[in-house]
Amino acid sequence: MAELREEIEKAARLLMESKYVVVLVGAGMSVESGIPPFRGPGGLWTKYGEPDMRGYDRFLADPKGWWESILKREGYASELVDGIAQAKPNQGHYALAELEEMGILKYIITQNVDNLHYAAGSKNIAEIHGNILKLRCVSCGHRFERGEISVEMLSPLCPDCGWFIKTDPPETKYENLFS
Ligand SMILES: [Zn+2]
């Protein structure tokens, strides 16, 4: 117990002495909120196998087919989406929001798509893998709330520039892709 206290005090000292604190967050952050991680025991990819990482190429080759498979929630997607739908921020998310409010934490860089940092009140967040509640135009990069875009006709098209809309992860934002 004394050791844990020492570790916490050491972390607090480091935070206080630092000029610009940035936190890098991965799936472990949201496990306490009930969202399964990808790797390790109980991980989604451990159970369902690692997905094909060429999702963006598949999307470009067949946007309609890609969307149909997303809407069917194939593989691990169903468990992830259900987990996120029920999840609430945990003490860790709230602690980071409080550190930001206090002016100590300047930015969160998260790999998580679950929106829980926003739900906890954090403001400065870079979602490097996107946000599950958003969609994104692959050409102009405009982000939309899921509810703003109908998926009755596939693939949905961007109301701003007319190109394809995909789920949010930022690999969609290639420069000059359609030039
Ligand atoms: Zn667009």
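The values are calculated or read from the model by the stated rules, or taken from the named source; none is laboratory data. In this text, all values refer to a predicted model and were calculated from it rather than measured experimentally. As a convention, Cβ positions derive from the backbone with ideal geometry for all residues, glycine included, and neighbour counts pool all protein chains shown.
Picking from Glu6, Glu74, which residue would you name as being assigned to a loop (DSSP other than H, G, I, E, B), loosely packed, with under 13 Cβ neighbours inside 10 Å and either out of contact with any helix residue (DSSP H, G or I) (no Cβ under 7 Å at 6 or more places or on another chain) or at pLDDT 85 or above (or both)? It would help to see each step written out before you state the result.
Details: Glu6 fails: assigned to a loop (DSSP other than H, G, I, E, B).
Only one candidate passes the filter, namely Glu74.
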Exercise. If we keep just the residues of the stretch 99-112 that are of a type outside the set (A, V, I, L, M, F, W, C) and touching a residue at least 12 places away in the same chain (Cβ under 8 Å), which is surrounded by the fewest Cβ atoms within 10 Å (Cβ to Cβ)?
Worked result: Glu101
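Only one of these is modelled with pLDDT of 95 or more, outside any helix (DSSP H, G or I) and over 20 Å from Ile165 (Cβ atoms): Gly92, Gly103. Name it.
On the way: Gly92 fails: outside any helix (DSSP H, G or I).
So the residue among Gly92, Gly103 that is modelled with pLDDT of 95 or more, outside any helix (DSSP H, G or I) and over 20 Å from Ile165 (Cβ atoms) is Gly103.
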Exercise. (1) over 21 Å from Lys134 (Cβ atoms); (2) surrounded by 13 or more Cβ atoms within 10 Å (Cβ to Cβ); (3) in contact with a helix residue (DSSP H, G or I) (Cβ under 7 Å, 6 or more places away or on another chain): which one isn't true of Ala87, the others all being true?
Worked result: (1)
Problem set entry | Single unsatisfied condition, Trp66 versus (1) in contact with a strand residue (DSSP E or B) (Cβ under 8 Å, 6 or more places away or on another chain); (2) without any contact (Cβ under 8 Å) to a residue 60 or more places away in the chain | (2)
Seminar exercise, completed: Subset of the stretch 31-62, residues more than 27 Å from His93 (Cα to Cα), of a type in the set (Gly, Ala, Ser) and modelled with pLDDT of 85 or more, comes to Gly49, Ala61
Problem set entry | Filtered residues of the stretch 118-130 (kept if within 16 Å of the ligand (Cβ to nearest atom) and either of a type in the set (Ser, Thr, Tyr) or in a helix (DSSP H, G or I) (or both)) | none
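Which members of the stretch 128-152 meet the condition of being free of Cβ contacts under 8 Å to residues at least 40 places away in the same chain and within 20 Å of Pro36 (Cα to Cα)? Can you show your working first?
Pass one, the stretch 128-152, residues free of Cβ contacts under 8 Å to residues at least 40 places away in the same chain: 131, 133-137, 139-150, 152.
Those that are free of Cβ contacts under 8 Å to residues at least 40 places away in the same chain and within 20 Å of Pro36 (Cα to Cα): Asn131, Leu133.
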Exercise. Of the conditions (1) assigned to a helix (DSSP H, G or I); (2) without any contact (Cβ under 8 Å) to a residue 24 or more places away in the chain; (3) within 19 Å of His129 (Cβ to Cβ), Asp52 fails just one. Which one is it?
Worked result: (1)
Seminar exercise, completed: Inside the stretch 131-146, the number of residues satisfying the requirement of being away from the ligand (no atom under 11 Å from the Cβ) and surrounded by fewer than 21 Cβ atoms within 10 Å (Cβ to Cβ) is 5
Problem set entry | Search result, residues across the stretch 9-47 that are touching a residue at least 12 places away in the same chain (Cβ under 8 Å) and assigned to a helix (DSSP H, G or I) | Leu15, Met16, Met29, Ser30, Leu44, Trp45, Lys47
Seminar exercise, completed: Contact list, first residue from the stretch 161-172 and within 13 Å of the ligand (Cβ to nearest atom) and modelled with pLDDT of 90 or more, second anywhere and among the small types (Gly, Ala, Ser) and part of a loop (DSSP other than H, G, I, E, B), beta-carbon distance below 8 Å, six or more apart or interchain, is Cys161/Ser139; Trp163/Ser139; Phe164/Ser139; Phe164/Ser155; Ile165/Ser155; Lys166/Ser155
